[in-house]
Structure formats: C-alpha cells, structure tokens
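The values are calculated or read from the model by the stated rules, or taken from the named source; none is laboratory data. Worth saying up front: this structure is predicted, and the values here are computed from it rather than measured. All Cβ positions, glycine included, derive from the backbone under ideal geometry; neighbour counts span all protein chains shown.
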Amino acid sequence: MTALAWLIPVALGLGGVGLAAFLWTLRSGQYEDLEGAAWRALDDEPRK
Amino acid sequence: MADALRVSPATPVPAPARISSPASARVMTLMVENMNCGNCIRKVETALSAVPQVESARANLSARRVSVVIHPQAKVNSEDLIERLQAVGFTSRELPPEGASSEPADRDSDLVNRLAVAGFASANIMLLSVAVWAGHGEMPGSLQTLMHWLSAAIAVPAVAYSGVPFFSSAYGALKNRRVNMDVPITLGVTLATAMSIYQTIVQSEQVYFDAAITLLFFLLIGRVLDQRMRREATSAAENLLGLVSPATTIIHPDGVSERIATREVRPGMALLIAAGERVPVDARLSRGLAEMDESLITGETHPRKVKTGDGLYAGTINLSGPIEAVATACEDNTLLAEITRLMHTAEQARGKYVRLADRAARLYAPAVHILGLLTFLGWLYAGYTWEPALTAAIAVLIITCPCALALAVPAVQVAAIGRLFKHGIIVKAPDGLERLSEVDTIILDKTGTLTLGEPQLEDPDAVDPAALVKAAGLAANSRHPYSRAIVRASKERGVTVLPVSGVDEIAGSGLRAIIGGVEVKLGSAAFCGIDRADEGRPALWLRSGTDAPVSFRFDDPLRTDARETIAKLTRLGYQIELLSGDRSAIVEAAAKQSGIATWQAELKPDAKAARIEALKASGRHVLMVGDGLNDAPALAAGHASIAPSTATDISQTASDVIFQGAKLGPLVEILAVSKASHAAAIQNFVIAIGYNIIFVPLAMIGVVTPLIAAVAMSVSSITVTANAVWLGHKNLKDMS
C-alpha cells in the first residue's frame with residue numbers, strides 16, 4: 001500500500017505534464033492552421 | 001491607408017500569424033483567394049519574403065490568409081504586395097485591420113483551455129473512483145478517505161475553473177430575473193461538489209466529484225464546437241467583404257487620375273475600372289459599353305451587357321476594356337454589403353434553433369430537480385435527518401446525470417456523418433442533420449446546382465472543324481465564358497488551338513482579327529452583320545470574310561441524374577421549387593427538363609431569401625440548395641442548406657452540408673440519412689430514459705450505491721453508442 005504514496009503523485013504529475021504540454025501547444029497557435037501544417041511537413045526546400 | 005494599418009504596441013498580433021514582431025512593426029493581413037495547396041504556401045511566402053521591406057510572411061492555409069510583418073519605416077503598401085502575389089498567380093485582397101482581429105480565436109482557445117482542464121480532472125478522478133468502486137467493502141476506510149481527499153484536491157479547482165462559463169451565464173440570467181439552462185447545470189454541479197466535500201470531511205462512503213466534473217467536460221465539448229462554428233461563419237463574412245478591392249482609381253475633374261482607398265470613395269466621384277478588375281462600389285457606367293461578370297450577384301454565368309447610364313454593382317468583374325463610371329453608393333450602402341448583412345441576419349435567426357438535445361434538456365432538467373427535491377422532502381418526512389435525505393437526493397441527481405443523454409445525439413451524429421463522408425458528403429454544422437430531418441420543402445438554384453454551372457458549346461460535333469479552329473484561335477485571347485467554352489470544346493475534340501495575334505476585343509460585341517488578309521469576327525449577330533433576332537438562347541457567330549456565317553450555341557447542361565433525383569424526391573413527398581437569377585426562358589426550359597413544376601426566374605439574392613422567409617412563415621421547413629454568392633443569404637435563411645463543392649467559399653460556409661461530384665443524387669442520401677439519424681436519436685432518448693425509469697426509484701429509496709450508479713451510467717452509455725454505430729451500417733430504405 002505504501003507504493004500508492006508515490007504512485008499517485010507520479011501519475012498525477014505525468015498527467016499534469018500532458019495537460020501543460022497541451023495548453024502550451026494551444027497557446028502557441030499550433031492548431032491555427034492544421035491543413036497548412038500537414039503540407040509544411042512535406043516541404044523540404046531550405047528557406048532563408 | 002498606412003495609418004489605418006499601423007498596429008499599436010498594445011494590439012496583439014493577428015492570431016493566424018503568431019509571429020513575434022518588434023512593437024513598431026506593421027502587420028498586414030491579406031486574403032489569398034486561390035491558395036489551396038501545400039505548394040501554394042511556399043510560393044506565397046517566398047514571393048512576399050522577397051520584397052526587401054518585408055520582415056516575414058506566414059500563410060495560413062485553413063483561413064486562406066497570409067500575415068505579413070513589414071519593417072517599421074518601410075514605405076510599402078498593400079498594393080505592392082498584391083501585385084507581387086499576382087505575378088506568381090495568386091489573387092489577393094487586403095483585409096481591413098479590424099477584420100483580421102484575433103478576438104474570436106482567443107475566446108475559442110479560452111474555452112478549449114477550460115475543456116482541457118476538465119478532461120484532465122475527470123480522467124484522473126475517474127481513475128481514483130474506479131479504484132474506490134472496485135475495492136468497495138475491502139478497501140480500508142483510511143485509504144478510501146485518502147482517495148476522496150485526492151479527488152477533492154483535483155475536482156474543486158477544476159470545477160471552479162472549468163465551470164466559469166456556466167456560472168457566469170447563470171449569474172447573469174438570475175440577475176436579470178430569468179432562468180436559462182445554465183442555472184440547473186450550475187446548481188447540480190455546485191451542489192454535488194459541495195455535498196461531496198462535506199461527505200469527504202465526515203468520511204462518508206459516497207462522493208460525487210466524478211459526476212460533477214464529467215458533466216462539465218461533456219457540456220464544454222458542446223460549447224467548444226458551437227463556438228468554432230460561429231467563428232467560421234464570421235470569417236466567411238469577413239472574406240466576403242475582402243472581395244472589394246481596398247484601393248480604387250478615381251479621375252479628378254481636371255483629368256488627373258489617382259489611386260485612393262475605396263472607403264474614401266464618395267458618390268459622384270468618377271472611377272476608372274481596369275479590365276479584369278472588380279467594381280469597388282456601386283456605380284453607373286458613364287461612357288461606352290461594357291460586359292460584366294455578375295455571377296457574384298446573380299449567379300448567372302452569362303455576362304451582362306451594360307450600356308452608358310446602366311448600374312454596375314460592387315464586387316462584379318469588368319470583362320471588357322477599361323471603363324469609366326460614376327460612383328452611386330459606397331461602403332455600407334452597396335449591394336455586396338447588403339448581401340453580407342442579409343447573411344448575418346439570416347444566420348442569427350438560425351442560431352436560435354434549439355437542438356433536440358437542448359429541447360430534451362429543457363424538459364429533463366426541471367424534472368430531475370423536482371425528483372431530487374421530492375426525494376429530499378420524502379426522506380425528511382419519513383423521519384430521517386438531512387444527511388441521508390440529501391445523499392439520496394444527490395444520488396437521484398447523479399443517476400439522472402445526462403451522460404447517456406449527452407451522448408444520445410452526438411453519437412448518432414458522428415455515425416451518420418461518417419457514413420455520409422464515405423459518399424463524399426461533408427456535414428459542416430453539428431445540428432445540420434437534425435434540421436435536415438425536419439425539411440419538407442426543397443428550393444434549388446439553377447446555375448451550378450441543378451446544372452453544372454459552366455456554359456458548354458452545344459453539339460460541338462455538328463460544327464465545321466475549320467470554323468472551330470478559327471473561332472478557337474480568336475477565343476483563346478478572351479476570358480469571356482463563351483470564349484472559354486469554345487476553346488474547351490475544341491480541345492475536347494482534339495483540335496489544336498493556335499491563338500491568333502492582333503485580336504481586338506470590342507466590349508459587348510465580340511472579337512475581331514485579320515487572318516491572312518481576311519477580316520474574321522466572332523461575336524453577337526449584330527456585330528457580325530447578321531440580321532437574325534436573338535432566339536433567347538445565348539449564341540455567338542463566326543464570320544470570316546464573305547463566307548456564310550457559322551453559329552455557336554451554348555447551354556448549361558443539367559446534372560445527368562437531375563430528372564431522376566427530382567422524381568425520387570417528389571415521390572418521397574418533398575415539395576420542390578426552382579429559384580434562379582437567370583432569364584425566364586432558360587429557367588423555364590431547365591424546370592421542364594428536370595420535372596420541377598414550380599419555378600421563379602430573374603430573382604435577386606434578397607428575393608430568394610424573401611421567398612424562403614415566406615415559406616417559413618407558412619410553417620414550412622425549407623432546404624436551400626445553391627452554390628453562388630447570390631445564394632448565400634438564401635442558404636443562410638433556409639431551415640437547412642446544402643451546397644455543391646464547386647460553390648463559392650462563402651456559400652460553402654453558409655451551408656450545413658457540402659456534396660462532391662457531378663451528380664445531384666447525394667441529396668437523396670443526405671435526406672435519408674438525416675431522417676434515419678433523427679429516428680436513432682429518438683430511440684436513444686427512449687433507451688436513456690428507460691434506464692432512468694428503472695434506477696431513479698431505486699435511488700429515491702436509497703438503495704443505489706455509487707457502484708450501481710456507475711454501472712447503470714456505463715451500460716446506458718454503451719447501449720446508446722451501439723445503437724448509433726448500427727446506424728452507420730444498416731440499409732436505409734428509399735435510398736437505392
């Protein structure tokens with residue numbers, strides 16, 4: 001049972017990291033142009 | 001112009017760009033009409049970045065917009081950038097700074113933030129709850145209390161944050177002495193949370209944190225989808241206004257011409273409109289003849305001939321040489337602005353549509369609260385203390401938690417939308433299918449909907465090949481739709497088209513060139529010196545020297561299965577009408593050919609919308625099917641609307657459903673699936689309510705533990721989902 005003492009905080013912490021990562025992607029505008037992002041991945045010409 | 005574009009340091013960079021820029025840099029947003037592939041992004045960005053004063057350019061393919069950051073001191077205006085894009089083949093317009101505002105997107109992501117937090121919290125609380133339920137009776141009391149405290153630690157801040165949109169809306173309603181749907185939601189969520197905290201403190205067995213936060217999570221999903229839909233509608237309206245070019249050439253009384261911002265044009269000013277340019281404001285042609293592409297306003301593919309003194313509408317394209325005109329109506333008074341306004345108004349009306357789930361919730365929420373209250377009073381009356389009474393009351397609230405109800409409609413719609421998607425049909429509005437299932441009257445547009453929308457050379461095999469070669473050579477120099485039809489027909493017949501040089505285009509008449517010393521003319525009968533009355537059918541004549549003239553006739557053929565589809569829809573009991581902006585003779589022929597008894601011709605966009613309003617007022621549920629910009633108000637006014645994928649962006653945005661392909665048959669499929677999904681949604685409600693009828697009495701007498709409640713909730717949710725999945729596969733009658 002003592003395993004719960006650290007397993008639960010770890011689980012919550014990992015979940016929290018996921019949440020923070022999602023909120024960051026949202027805030028930095030990564031969902032603004034989903035169509036364009038799909039194409040940009042295929043663009044292999046170097047840009048200035 | 002430049003001043004209006006200057007972005008103050010406090011103004012956030014427009015959302016699509018997200019470019020970090022020095023506070024003093026200028027940001028300009030252009031709408032690029034034909035940016036629709038991955039390669040286009042690179043072409044657009046490269047072309048703009050090549051301008052020395054441009055610091056960076058970032059294209060947004062989804063929004064068809066590009067944000068350009070310009071060096072603070074640079075003297076570059078939008079005209080230069082638009083020209084630069086024109087050179088690489090893109091048509092663009094500048095969006096007014098207020099049109100590129102980032103506000104709606106911010107509000108949207110605020111809701112998504114709350115949704116993400118609610119999702120995180122409900123998933124973790126569910127995990128803890130499952131552990132408690134699974135260990136029921138075996139788990140030591142201390143561990144159970146720990147789990148409850150952990151749940152509380154996650155749930156309380158999450159509910160406080162994620163519930164704000166509901167709480168504030170409920171508060172606003174109560175302050176104005178009204179009750180909206182958010183009031184019972186707020187009551188249920190706060191009551192369940194508060195009671196759970198109390199239960200945790202007194203170390204009771206039952207807490208309901210999971211129910212409170214999951215409820216918020218489901219409700220927020222609905223809010224986010226709703227918000228996104230509205231944002232799309234707004235951006236469509238902005239793009240529509242972007243069609244008006246922001247700069248216009250005016251001619252001063254002394255003959256000097258000058259480019260000024262379109263918003264500074266006043267009635268009475270003399271305008272110069274170049275070939276291929278859109279008319280900036282409503283105007284009157286002051287000299288000569290012109291041919292105008294008015295498909296934007298009337299939906300008609302055949303250009304209109306305009307004489308001196310005739311009106312020109314903002315947004316139409318000048319197909320002839322440069323023309324001079326006098327402005328008659330500007331900015332908010334133009335026909336184009338009027339169309340935008342009509343669309344907004346119509347959309348607002350549709351926004352008032354109450355979805356099936358909401359209608360159910362309206363009946364459901366009070367019933368749930370009355371049941372909960374009765375339970376509480378019943379227990380008190382039976383001599384118990386307030387604690388078990390309130391616990392039983394909350395058990396009733398939780399058992400009736402609208403989880404199955406929240407799933408009943410969305411699950412069906414996801415299955416139905418997936419089924420349609422396989423047939424190349426895209427459902428855009430979440431509540432579109434529901435509205436489609438109620439339709440009893442169908443209004444069709446002619447050009448581009450009942451027909452394919454492009455004039456085609458009638459019977460090209462009957463035309464003498466030598467004449468066709470000559471005509472195509474002349475026509476290759478013109479952007480007139482008939483000329484393009486001739487060139488297309490020649491290519492289809494395998495005739496090599498060699499453009500003739502030195503062709504004169506005479507506005508409103510035709511084309512003329514000297515080939516081998518002989519004058520060749522392609523144009524109207526009068527232009528070619530032929531004494532024949534126009535038979536009401538569009539035609540061009542070719543006259544080469546003194547040879548006998550050759551005629552080319554055009555029509556806009558119906559979609560191949562139009563007649564069959566109309567017959568099928570009539571058999572299914574739909575009343576069908578044809579409304580067109582086109583000429584009477586042509587509309588009548590199309591109506592007869594496709595088997596539609598009721599038709600009206602020569603209608604302006606507002607007249608179409610008015611006809612729909614009249615039908616709506618007589619209690620009918622109207623489906624509008626149309627493609628042109630002129631159909632946009634009608635599409636927005638209809639109870640439901642469908643557009644082909646060839647439709648203009650605006651029309652597609654105003655529609656609930658978009659279908660692909662050259663056939664009209666998808667209409668039948670869409671209507672059949674919408675009816676079937678409506679029936680499935682009703683079945684789901686019956687299932688969900690059936691579970692409640694079994695479990696609510698048990699909860700009222702206090703024998704339902706959280707475990708039983710959880711099992712009941714899951715089983716009803718799974719049944720409801722299974723019923724929806726079945727819809728995706730079963731055969732629908734009346735569809736073959």
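Things worth noting here:
- On inspection, B:S109 fails the criterion of being in the same structural domain as B:V202 (by TED's automatic domain parsing), among the hydroxyl-bearing types (S, T, Y) and at pLDDT 85 or above.
- In summary, helices (runs of 4 or more DSSP H) completely within region B:598-685 and bearing 1 or more residues that are surrounded by fewer than 20 Cβ atoms within 10 Å (Cβ to Cβ) and not polar (S, T, N, Q) occur at B:605-617, B:649-654.
- Identity of the residue in region B:434-457, of a type in the set (D, E, K, R) and surrounded by 19 or more Cβ atoms within 10 Å (Cβ to Cβ), that ends up nearest to B:A609 (Cα to Cα): B:D445
Yes/no per residue for (1) over 29 Å from B:Y313 (Cα atoms); (2) at pLDDT 85 or above; (3) touching a Gly at 6+ places or on another chain (Cβ under 9 Å):
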residue: B:G581; (1), (2), (3): no, no, yes
residue: B:K604; (1), (2), (3): no, no, yes
residue: B:E613; (1), (2), (3): no, yes, no
residue: B:K616; (1), (2), (3): yes, yes, yes
residue: B:G619; (1), (2), (3): yes, yes, no
residue: B:M624; (1), (2), (3): no, yes, yes
residue: B:D627; (1), (2), (3): no, no, yes
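- Applying the criterion of at least 3 residues that are modelled with pLDDT of 75 or more and of a type in the set (A, V, I, L, M, F, W, C) to the helices (runs of 4 or more DSSP H) found wholly in region B:1-87 leaves B:38-49, B:78-87.
Residues checked against (1) at pLDDT below 80; (2) under 28 Å from the mean Cα position of the chain (by Cα); (3) more than 25 Å from B:P605 (Cα to Cα):
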site: B:R259; (1), (2), (3): yes, no, yes
site: B:L271; (1), (2), (3): no, no, yes
site: B:A275; (1), (2), (3): yes, no, yes
site: B:L285; (1), (2), (3): no, no, no
site: B:E291; (1), (2), (3): no, no, no
site: B:E294; (1), (2), (3): yes, yes, no
site: B:I297; (1), (2), (3): yes, yes, no
site: B:P303; (1), (2), (3): yes, yes, no
site: B:I323; (1), (2), (3): no, no, yes
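- Selection of region B:542-564 for residues being touching a residue at least 24 places away in the same chain (Cβ under 8 Å) and among the hydrophobic types (A, V, I, L, M, F, W, C) yields B:L542, B:V550, B:F552, B:F554, B:L558, B:A562.
- Of the residues making up region B:701-721, not a single one is assigned to a helix (DSSP H, G or I), at pLDDT 80 or above and touching a helix residue (DSSP H, G or I) at 6+ places or on another chain (Cβ under 9 Å).
- When residues of region B:130-153 are limited to those that are under 24 Å from B:A118 (Cα atoms) and at pLDDT below 85, the one surrounded by the fewest Cβ atoms within 10 Å (Cβ to Cβ): B:A134
- Filtered residues of region B:33-47 (kept if within 12 Å of chain A (Cβ to nearest Cβ) and among the aliphatic types (A, V, I, L, M)): B:M35, B:I41, B:V44
- Output for region B:450-507, where each listed residue is within 20 Å of B:G545 (Cα to Cα), outside any helix (DSSP H, G or I) and either more than 40 Å from the chain's Cα centre (by Cα) or basic (K, R) (or both): B:V463, B:D464, B:L498, B:P499, B:V500, B:S501, B:G502, B:V503, B:D504
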